[in-house]
Amino acid sequence: QVKLVESGGGLVQPGGSLRLSCAASEIIFVISRMGWYRQAPGNQRELVATISSSGDSTNYADSVKGRFTISRDNAKNTMYLQMNSLKPEDTAVYYCNTAQGFWSWGQGTQVTVSS
C-alpha cells in the first residue's frame, strides 16, 4: 500500500505564498498521474491540480489557475504545489493522491490564509 505524506502547510497572510510537498513511499508514484486536493470545513474534497507521470502535462481548477503550480520530482518520489497570491478561500486541508484518488489518503497539511 502506498503511503502519502503531505507537508509544508501553515498560516499565511492573504497575498502570501506556500510550497506544499507530497512524498510517496513506493516507486509506482513515477508512473502515476497525480493530483492535489483540498477540503475546507463543511465542504467536499475537491481536486485542484493534476500532473502527468512525466510532469509535462498539468491541469488546474479555475479557482487556482494562474496562482498555483504543480510539479514533481520522480527521482525523489515527491510532488509539489507552489501556491502564490493566496486568498482566504484557499484555507483548507490539502491532500495528495493519484488523479483518481485511488490510494489511501494521508493526513493532509493544513493551510490557513488569514490576516
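Which is of a type in the set (Asp, Glu) and more than 17 Å from Gly108 (Cα to Cα), of Asp73, Asp90?
Asp73
Kindly indicate whether Ser115 is open to solvent by 60 Å² or more (accessible area, probe 1.4 Å) and either in contact with a Lys or Arg (Cβ under 9 Å, 6 or more places away or on another chain) or of a type outside the set (Asp, Glu) (or both).
yes
Output the residue which, of all residues in segment 16-34 that are part of a loop (DSSP other than H, G, I, E, B) and touching a Leu at 6+ places or on another chain (Cβ under 7 Å), is farthest from Ala99 (Cα to Cα).
Here the residue is Gly16.
Which strands (runs of 3 or more DSSP E) does segment 41-98 wholly contain that include 3 or more residues that are surrounded by 14 or more Cβ atoms within 10 Å (Cβ to Cβ) and touching a residue at least 60 places away in the same chain (Cβ under 8 Å)?
78-83, 92-98
The values are calculated or read from the model by the stated rules, or taken from the named source; none is laboratory data. Source: prediction; values computed, not measured. Don't worry about glycine lacking a Cβ; one is built from the backbone with ideal geometry, like all the others, and counts go over all protein chains shown. What goes into the accessible areas is simple: the full protein's heavy atoms, side chains included, and nothing from ligands, DNA or RNA. Shrake-Rupley method; radii C 1.70, N 1.55, O 1.52, S 1.80 Å.
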